[in-house]
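> Sending over a structure as structure tokens; questions will come in a sec.
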Amino acid sequence: MDTRECRKSPNGPAWDGLQRWERRLGRMMLFIGLAIIAGGPAMAQSQDRAQHDAGRTPERHGKDCKKAQNCPTKVRQFGSLDSIIAADVLKQVNAVPFTAEHHTPILLQGKMMSGLKEPEKEGLKATYRAGHTIVLLDATMEHVAALHGIIGEGVISRSTDGEGVLAYSLRQENHIPTATLLSNVLRSPLRTALGDPAPTGLQDEEQARKRAAELTVRELERRPNVRILQPRDPHQNVDWQTSPVQTTVFQQNGAAGVYNTTMNIYALHSCQADVRTGLTSDYYMVTALADWTPTNARFQSAATELGDTSMYYDTNNDTYVVAHWKDDLQRTYCSSHNWLSTNANICRYINYPLEYDVTMKPPSTGSIVQTDAKPPASQGQATTYTSGFTFSWEVR
């Protein structure tokens, strides 16, 4: 197959861009599911939010910033922020009011996309072209689509359940649109014996919220990586594997930690016409790479020998009741007692994923093949790995 850029500008890409993607892959569906031990819903967004305005520079910035390496990143804030992570984000950056410059990142609420004026849209476009990050907080897919429409590049995502994301970050890296979708904080499934949220779970949720702010700041702190396109022979073969249409990282952040799925989307046009039909073909490829090492997994235990505040015997119901789970890194109370012992204990391993599933549903037109799957698999095959625990990963 000839993969050269036929009838294209020497400096142009080997695809038609956003319009072709909407036309050809408008029905491409991507589902990423994660179930931890007793999974739970996303953390509800607080309705009683604080408003954060960039009318003045935060007090901790300014005179205290004497060395470049110690200076928080300067970020242009457009409008007020009311996200649950806004306060923590603003503590870690140097937020200044929005201006028409384009050499610093931009932070705004997703809902502000509907009211942007032309100069502000030009500011977003220039910032993106300069390689700086644009972050939308509490963004819906409509907000994300509006951002891509302004910059005129990338792939528009769709949500099957209508849920938005806590933060959507977009930048270009070597002229490749690079995005990160940070999910709303997933609630901890841990409950007390009475069914109330467990203290450990509430602590994990708060850590996840702070981690969400740190992940957002990390995106804002990224240095521009934009190279100058050199003139290229239109008859030269294109290394399509180094030129995705877009790279997107889906970050599912919750009590169990952060689970990352990196998706690369490629598009290629064949210049060689089919000998029978005389038509040329378009080729598309989607690759997925998952990093789902649980960052907050640990053993917990309870034991009667630690007292009734840990575990006790309920004589009325003839059962043992856990009053309080405690971290047990050494698994001290994870072994069985001698059969003559009157003590009892219990151990659990929490915040470890039971299932991680990536499902791609391409359009029904054209031919679909699976290439270079790791581990080698065919559609619908499930493969089991052993790594301390046994789990299944279904490759569809």
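> Please list, ordered by first then second residue, the pairs with beta carbon atoms under 8 Å, 6 or more apart or interchain, first in segment 170-195 and of a type in the set (Phe, Trp, Tyr), second at pLDDT 90 or above and surrounded by 21 or more Cβ atoms within 10 Å (Cβ to Cβ).
none
> Here is a follow-up. List the number of the failed condition for THR315; all other conditions in (1) under 30 Å from THR280 (Cβ atoms); (2) at pLDDT 90 or above; (3) of a type outside the set (Gly, Ala, Ser) hold.
Evaluating THR315 over (1) under 30 Å from THR280 (Cβ atoms); (2) at pLDDT 90 or above; (3) of a type outside the set (Gly, Ala, Ser) leaves (1) as the failure.
> Which residues, taken from segment 85-100, are farther than 15 Å from THR133 by Cβ, more than 21 Å from the chain's Cα centre (by Cα) and not polar (S, T, N, Q)?
Residues satisfying the conditions are LYS91, VAL96, PRO97, ALA100.
> Examine segment 200-211 for a residue that is under 14 Å from the mean Cα position of the chain (by Cα), of a type in the set (Asp, Glu) and within 19 Å of VAL258 (Cβ to Cβ), and state whether such a residue exists.
no
> Here's another thing I want to ask about it. Could you tell me whether segment 186-197 includes any residue that is under 30 Å from THR242 (Cα atoms) and out of contact with any Leu (no Cβ under 7 Å at 6 or more places or on another chain)?
no
> Still on this structure, please answer the following. Looking at segment 262-286 only, could you name the residues that are of a type in the set (Ser, Thr, Tyr) and touching an Asp or Glu at 6+ places or on another chain (Cβ under 8 Å)?
Answer for segment 262-286, where residues must be of a type in the set (Ser, Thr, Tyr) and touching an Asp or Glu at 6+ places or on another chain (Cβ under 8 Å): THR262, SER270, THR280, SER281.
> Can you list the strands (runs of 3 or more DSSP E) found entirely within segment 255-318 that contain at least 2 residues being touching a Gly at 6+ places or on another chain (Cβ under 9 Å)?
Hits in segment 255-318: 282-291.
> In addition: Look through segment 180-214, keep the residues that are more than 21 Å from PHE250 (Cβ to Cβ) and in contact with a strand residue (DSSP E or B) (Cβ under 8 Å, 6 or more places away or on another chain), and return whichever of them is surrounded by the fewest Cβ atoms within 10 Å (Cβ to Cβ).
ALA193
> With the requirement that a residue be in contact with a strand residue (DSSP E or B) (Cβ under 7 Å, 6 or more places away or on another chain) and among the hydroxyl-bearing types (Ser, Thr, Tyr), what does segment 285-331 give you?
THR287, THR295, SER301, THR304, SER310, TYR312, TYR313, TYR320
> Separate question: Taking only segment 180-217 into account, find how many residues are part of a strand (DSSP E or B) and of a type outside the set (A, V, I, L, M, F, W, C).
Qualifying residue count for the region: 3.
The values are calculated or read from the model by the stated rules, or taken from the named source; none is laboratory data. On a predicted model such as this, the values are computed, not experimentally measured, just so you know. Cβ atoms come from the backbone with ideal geometry, glycine included; neighbour counts cover every protein chain shown.
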